[in-house]
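Q: Below is one structure. I have some questions about it.
The values are calculated or read from the model by the stated rules, or taken from the named source; none is laboratory data. Not measured: the values here are computed from a predicted model. Every residue, glycine as well, gets a Cβ built from its backbone with ideal geometry; the counts of neighbours run over all protein chains shown. In case anyone asks, the SASA skips ligands and DNA or RNA and just uses the protein heavy atoms, side chains included. Shrake-Rupley method; radii C 1.70, N 1.55, O 1.52, S 1.80 Å.
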Amino acid sequence: MKIRNIALGLALTAAVGASASADARMDAFVDSLLSQMTLDEKIGQLHLPVGADIVTGDIMNSDIGGDIAAGRVGGVFNMKGCDKIREYQRIAVEESRLGIPLIFGMDVIHGYETVMPIPFALSCSWDMDAIERSARIAAREASAAGICWTFSPMVDISREPRWGRMAEGSGEDPYLGARIAEAMVRGYQGDSMKANDEIMACVKHFALYGAPEGGRDYNTVDMSRQRMFNEYFEPYRAAAAAGAGSFMTSFNTVDGVPATGNRWLFTDVLRDMWDFDGFVVTDYGAIPEMMSHGMGGPEDVTALALNAGIDMDMAGMLYLNVLRPLVEQGRVFGQQIDNAVRRILEAKYRLGLFENPYKYIDPAREASEIYTAENRAAARAMAPETFVLLKNEGSLLPLAKNGRIALVGPLADAGSHMQGMWSVAADPSKYRSLRQAFADALEGRAPLSYAKGSNLYADPELEAAVSIANGIRDPRSEAELLEEALAVADGADVIVAALGEGIEGSGESASRADLTLPDTQMRLLQALVATGKPVVLLNFSGRPTVMVYEQENVPAIMNVWFGGSEAADAIADVVFGDAAPSGKLTATMPRNVGQIPLYYNHLNTGRPRSDGPAKFEKYRSNYIDSPVTPLYPFGYGLTYTTFAYGDPVLSAPEMNADGSVTVTVPVTNTGSREGTEIVQLYIRDLAASVARPVKELKRFARVTIAPGQTENVTFTLGADDLKFYNSDLDFVLEPGDFDIMTGPSSADVRTVRLTVR
Ligand code: NOJ
């Protein structure tokens, strides 16, 4: 076996000397390699083909195998399994002229085979340790199967529940989103990718993908730069500062130019302002898509991307096919190509692939470290933290394990839907259904009856759109399904309804214009409520849904999102009180689609409506036919106990512009069971050179408190927490008065005044 690059690496390390810094050794190594590469080999490093659709059959004979041998490939993505990955790597290191190893990427968005709750759900835990752990487990499993690069975290802020990809992000808040972005980068990359279970993160989608007009996926985005910096950029910046190794472009326009060709975004902001020194990959086919955006032909869009600072072309084929003629025409320069190649080689170097191209390819680990009991237990323990209990009249939940329980709904016996969207490596055949989990939880104690009750949608075409590979459609008519459900309900003391979106009802290309429960499911729910029996609604969803009927008529509502491979058992744990839900909303839930965008950290208008009763006020900023308030606000969520908050107390009423202040708030568990509360701190800058939001989250803490006990929760605020980007985009603190607010949600706070001198 000839692995030329290893010999080369050793020689270079010796040449630079043992005392040289790691960076100097890497520079020398990459310089030497670059000096040996032909233009075509360099261009090959910038090409990232998809592996998934070409791995059936003999890899050796496939085109991609030939391209790898010819030095025309830099990496491959979305291939599952060590055998295939090892074979491609072998071709790269043994058959290509320079033996440069490939990088293997995958959409490991919320776990590999052990699937964690979807990212939006994870954000509702507000638990940075759990989120970091979820990324760590994902990295361990993915790396055991040859993956060294994940297309995660997705950190796009979104106030757009019509947009299906809210499911993949962390909701609407930039501060919380930034903390989650850091936690995930740490979880994936661990100790700078030194170990063979630490993989490279790819922060996406830079930038602003979460703000498409009308909530329609891939649609135009247009916003002021001040809004970008103050309200959308923070999670990307934080992920870069946490050392993320790569970034992905977004499909949308930013300031009129598609992100993938936007030099201001990638060079001025990401690299120059934020000092990002990793590499940038496009989203899938985003370079050719710039032609549809109206940026010219293949050569124009390719030059635009390279000039913008985009290093690697995912599946677009244009860098591979068009860069050479562009160099020959003088439209791009060899130096630009060298810069892009250098950044990709540096990533491979940092991953340790030049030392050992097979570092991440270990069949023994693949056989023993994936979907382990330990990882599954962690996923099961994490899920209840993500569930948001929205209503619990008369403490209906948790249910006692006695009496007769009816489990009804299209998602009640649908193990293959539990893991949620974007689970490329999942094995849904292994995942249990709610029906199985409930039966086990109740075994010998209480009878469980089950009926499907309805399909996901009345229309088979809509049903197919939300369950593409995981069809669960029942051929019976709506009336037959309903009749069966009512018969089952008739014999029960309590009904648990498992309703909501199918696995593909949120995620990429899953925008919705109507956010209520799908038609046939709503009719089922209304019929169940009409029986007069207590109903618990478990709402499966990847985004905020509109639930006005439910709030008015259903005694207990819990959003369980999509809780991952272990969701069914985790839901049973919570429904029967072996665990408690402790999540809080990270996106506002509107009353109707007409209110969107609806988010807590909005600016005030000059004509805000009064705090009085929710009725229309002429010449005020409100609606004739709808309240302006949300159905459930950002930060809201109940648990199985209750908490009372005291007033926040400042360490001093005044603070110097370079000083700090502590804020202490007493929180008492007023219920009869231990519980976990997410305590939130918001600020408002009362007078500034640009309008500032009515509230901004600046701190939060998850605290577990015994019944009857009071916890004094203390936060420290410093100057940076009070700063914002002004109209020159300078990050400034303007002295003056600030409201400091603490409470259990953004809509329930007590205030103290701080003056900054
Ligand atoms: C398109 C998606 O937008 C992106 O998030 C994903 O990583 C790529 N496809 C690769 O599958």
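One line per residue, one yes/no per condition, for (1) at pLDDT below 95; (2) among the hydroxyl-bearing types (Ser, Thr, Tyr); (3) closer than 30 Å to SER745 by Cβ:
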| position | (1), (2), (3) |
| --- | --- |
| LEU390 | no, no, yes |
| LEU397 | no, no, yes |
| GLY471 | yes, no, no |
| PRO475 | no, no, no |
| LEU486 | no, no, no |
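This table checks each residue for (1) surrounded by fewer than 23 Cβ atoms within 10 Å (Cβ to Cβ); (2) among the aliphatic types (A, V, I, L, M).
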| residue | (1), (2) |
| --- | --- |
| GLU501 | no, no |
| SER506 | no, no |
| ASP514 | yes, no |
| ASP519 | yes, no |
| ARG523 | yes, no |
| ALA530 | yes, yes |
| LYS533 | yes, no |
| GLY542 | no, no |
| VAL546 | yes, yes |
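Q: Would region 225-239 turn up any residue that is open to solvent by 20 Å² or more (accessible area, probe 1.4 Å), among the hydrophobic types (A, V, I, L, M, F, W, C), in a helix (DSSP H, G or I) and more than 15 Å from the ligand (Cβ to nearest atom)? Lay out the reasoning, then the answer.
A: If we filter region 225-239 for residues that are open to solvent by 20 Å² or more (accessible area, probe 1.4 Å), which is where we start, we get 225-227, 230-231, 234, 237.
Add one more test, that the residue is among the hydrophobic types (A, V, I, L, M, F, W, C), and what stays is none.
Looking for residues that are open to solvent by 20 Å² or more (accessible area, probe 1.4 Å), among the hydrophobic types (A, V, I, L, M, F, W, C), in a helix (DSSP H, G or I) and more than 15 Å from the ligand (Cβ to nearest atom), one finds none in region 225-239, hence no.
Q: Continuing with the same structure: Here is a check on your reading of the model: is ASP283 touching a Lys or Arg at 6+ places or on another chain (Cβ under 8 Å), of a type outside the set (A, V, I, L, M, F, W, C) and within 16 Å of the ligand (Cβ to nearest atom)?
A: Here the answer is yes, as ASP283 does meet what is asked.
Q: Can you name every residue in region 213-224 that is open to solvent by less than 30 Å² (accessible area, probe 1.4 Å) and within 12 Å of the ligand (Cβ to nearest atom)? Let's see the steps before the verdict.
A: Residues of region 213-224 that are open to solvent by less than 30 Å² (accessible area, probe 1.4 Å), as a first pass: 215, 217, 219, 221, 223.
Of everything in region 213-224, just one residue is open to solvent by less than 30 Å² (accessible area, probe 1.4 Å) and within 12 Å of the ligand (Cβ to nearest atom), namely ASP217.
Q: Suppose we filter region 519-551 for residues that are touching an Asp or Glu at 6+ places or on another chain (Cβ under 9 Å) and touching a residue at least 40 places away in the same chain (Cβ under 8 Å); how many remain?
A: 15
Q: I need the full set of residues from region 116-153 which are away from the ligand (no atom under 16 Å from the Cβ), hydrophobic (A, V, I, L, M, F, W, C), over 24 Å from TYR175 (Cβ atoms) and touching a Lys or Arg at 6+ places or on another chain (Cβ under 9 Å), in order please.
A: ALA144, ALA145
Q: Just to verify a result, which residue in region 155-185, among those that are hydrophobic (A, V, I, L, M, F, W, C) and more than 17 Å from MET128 (Cβ to Cβ), is farthest from the ligand (Cβ to nearest atom)?
A: As a first pass, look at region 155-185 and keep what is hydrophobic (A, V, I, L, M, F, W, C): 155, 157, 163, 166-167, 176, 178, 180-181, 183-185.
Right, trim to more than 17 Å from MET128 (Cβ to Cβ) and you get 157, 163, 166-167.
Details: ILE157: 15, TRP163: 12, MET166: 13, ALA167: 12 Å.
The selected residue is ILE157.
Q: Yes or no: PHE576 in contact with an Asp or Glu (Cβ under 7 Å, 6 or more places away or on another chain) and not hydroxyl-bearing (Ser, Thr, Tyr)?
A: Details: in contact with an Asp or Glu (Cβ under 7 Å, 6 or more places away or on another chain): no; not hydroxyl-bearing (Ser, Thr, Tyr): yes.
It is false that PHE576 is in contact with an Asp or Glu (Cβ under 7 Å, 6 or more places away or on another chain) and not hydroxyl-bearing (Ser, Thr, Tyr).
Q: Kindly establish whether GLU299 is within 16 Å of the ligand (Cβ to nearest atom) and free of Cβ contacts under 8 Å to residues at least 60 places away in the same chain. Steps first, please.
A: Working: within 16 Å of the ligand (Cβ to nearest atom): no; free of Cβ contacts under 8 Å to residues at least 60 places away in the same chain: yes.
Taking the combined requirement at face value, the residue does not satisfy it.
Q: Do any residues in region 458-469 that are over 19 Å from GLY409 (Cβ atoms) have Cβ atoms under 6 Å from those of residues that are assigned to a loop (DSSP other than H, G, I, E, B), where the two are at least six apart or on different chains, and which pairs are they?
A: Pairs that qualify, where the first residue is over 19 Å from GLY409 (Cβ atoms) and the partner is assigned to a loop (DSSP other than H, G, I, E, B), are ILE468/GLU504.
Q: In region 97-115, what count of residues is obtained for those that are within 16 Å of the ligand (Cβ to nearest atom) and either within 24 Å of MET37 (Cα to Cα) or free of Cβ contacts under 8 Å to residues at least 24 places away in the same chain (or both)? Give the derivation first.
A: Residues of region 97-115 within 16 Å of the ligand (Cβ to nearest atom): 103-112.
Narrowing further to those that are either within 24 Å of MET37 (Cα to Cα) or free of Cβ contacts under 8 Å to residues at least 24 places away in the same chain (or both): 103-105.
Total meeting the criteria: 3.
Q: What are the residue pairs meeting all of these: first residue in region 398-424, first residue under 11 Å from SER565 (Cα atoms), second residue away from the ligand (no atom under 16 Å from the Cβ) and not in a loop (DSSP other than H, G, I, E, B), Cβ atoms under 6 Å, and 6 or more apart or on different chains?
A: Close Cβ pairs (under 6 Å, with a partner that is away from the ligand (no atom under 16 Å from the Cβ) and not in a loop (DSSP other than H, G, I, E, B)) amount to SER416/PRO428; MET418/ALA567; MET418/ALA568; GLN419/VAL115; SER423/VAL115.
Q: Right, next: Could you list, in sequence order, the residues of region 47-78 that are of a type outside the set (A, V, I, L, M), within 15 Å of the ligand (Cβ to nearest atom), open to solvent by 10 Å² or more (accessible area, probe 1.4 Å) and at pLDDT 85 or above?
A: PRO49, ASN78
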